[in-house]
1. Restricting to segment 254-288, what's the tally of residues that are of a type in the set (Ser, Thr, Tyr) and in contact with a helix residue (DSSP H, G or I) (Cβ under 6 Å, 6 or more places away or on another chain)?
2. Look through segment 123-156, keep the residues that are within 16 Å of the ligand (Cβ to nearest atom) and of a type in the set (Phe, Trp, Tyr), and return whichever of them is farthest from Asn10 (Cα to Cα).
3. What number goes with the only condition from (1) away from the ligand (no atom under 12 Å from the Cβ); (2) free of Cβ contacts under 8 Å to residues at least 40 places away in the same chain; (3) closer than 21 Å to Phe361 by Cβ that Glu208 does not pass?
4. What residue, of Ile85, Ile96, is among the β-branched types (Val, Ile, Thr) and in a helix (DSSP H, G or I)?
5. Starting from residues that are loosely packed, with under 13 Cβ neighbours inside 10 Å and of a type in the set (Ser, Thr, Tyr), keep the ones in segment 57-114 and report whichever is nearest to the chain's Cα centre (by Cα).
6. Exactly one condition in (1) under 25 Å from Thr239 (Cα atoms); (2) open to solvent by less than 10 Å² (accessible area, probe 1.4 Å) is false for Phe314; which is it?
7. For the subset of segment 143-183 comprising residues that are of a type in the set (Val, Ile, Thr) and under 15 Å from the mean Cα position of the chain (by Cα), which member is most open to solvent (accessible area, probe 1.4 Å)?
8. Name the pairs whose Cβ atoms lie under 7 Å apart, with the first residue in segment 227-239 and under 17 Å from Phe118 (Cβ atoms), the second in a helix (DSSP H, G or I) and not hydrophobic (A, V, I, L, M, F, W, C), and 6 or more positions between them or separate chains?
Amino acid sequence: MLKINTNYDNLKESYLFSEIAKRVAAFAEANPDANIIRLGIGDVTLPLCGEVIKALHSAVDEMADGKTFKGYGPEQGHLFLREAIQNYYKKHNVSIETSEIFISDGAKSDVGNILDIFDKDNVVLVPDPVYPVYVDTNIMHGRKTIFMNATGENGFLPLPDSSVKCDIIYLCSPNNPTGATYNRTQLKAWVDYAKANGAVILFDSAYEAFVEDAELPRSIFEIEGAKECAIEFCSFSKTAGFTGVRLGYTVVPAALLGGKLNKMWLRRQSTKFNGASYIVQKGGAAIFTEEGQKQVMANIKIYKENAKVITKTFDALGIEYTGGKNSPYIWFKCPNNMKSWDFFDLLLTKAQVVGTPGAGFGNNGEGWFRLTAFNTLEKTQEAMKRFEALLKA
Ligand SMILES: *Cc1c(COP(=O)(O)O)cnc(C)c1O
């Protein structure tokens, strides 16, 4: 008789975004003239840059000609793209081999799929609040998850506790949802802890392109010893607006368990994955050209201007927050010690501004709130005017 994976019964229903949609729809229906501004957007909004579009078009034309048509490519990704990524790391003083880079259709798939190469009996350490994918993918395998507290006191950057024993550690920096970014000393503490405990760090670097402070690391491999204990996940989604195009990459160093994990991941990918689309990989390679980098960074700058509008308002109002500078997210303490959902309702009904209640990302998110920099400058400015008026009323 068929047995299903009953671990799925242990998943909590995710109410966050459906509940937000429900409350906004109800408000809009009761107030048809309301001019609602959405600062809860967790997706990029600017179109792909010109260099990417050019490369995509030209790759489509290659597919139309028998002489340049491409079928299956290498499961690990085309070498032209892996070399472009290798050079990108070199610019940040990290040297990796193309055999350590694996191209995929995005970071979310890899973050979930990587668990295939680890035993079910590992203990997993996850920050709270957190990107829900880390927790749910482990529940699906029936793995034990423990939490570490990310709070206002530690700037939402928890550090290792030597009394806690774990085998798999998730770090996301710059962080979604808090925008907080680890510095080198803090990441070194994690690398040292992982090595002392024989643990692996799964480092989600999806927002590395937003890091602007030169002293902050973009890659965990900037930290000495990290190649012996970390796997890094990157994405073209937030960097270059590829959320609907789909492309990412994962670095599994050869130094991890003497090459064992790199070999296992190659085996896993070549068995269950047939490579990302050639056309999309051509589009992705275009972002690493000089002109491509300029265009991609110009788009990121637009989001950062929006973030600045938000953080300036918070500075003026004396609101405690993290993020904004090295991240598209601004995470702040709800005024007057309000709870996340109460503040959501207040902001929606009194200012017609939509954000994301921090409580939806974990217990420690209660009393906190996330705004994003993905709307337009004009709407972000208008939203902040209303925010200010609301707090001063
Ligand atoms: C958006 C995001 C990703 C990117 O996922 P893709 O599958 O590459 O689009 C990964 N991790 C975090 C924390 C994110 O917010």
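The values are calculated or read from the model by the stated rules, or taken from the named source; none is laboratory data. Predicted, not measured: the structure shown is a model, and the values here were computed from it. Quick reminder, even Gly has a Cβ in these numbers, built from the backbone with ideal geometry, and neighbours come from all protein chains shown. In case anyone asks, the SASA skips ligands and DNA or RNA and just uses the protein heavy atoms, side chains included. Shrake-Rupley method; radii C 1.70, N 1.55, O 1.52, S 1.80 Å.
1. 0
2. The extreme case among them is Phe156.
3. (1)
4. It is Ile85.
5. Within segment 57-114, the match that is nearest to the chain's Cα centre (by Cα) is Ser95.
6. So Phe314 meets the others, but not (1).
7. Per the criteria, the residue is Thr181.
8. Cβ pairs passing all conditions: Glu228/Lys195; Cys229/Lys195; Phe233/Asp110.
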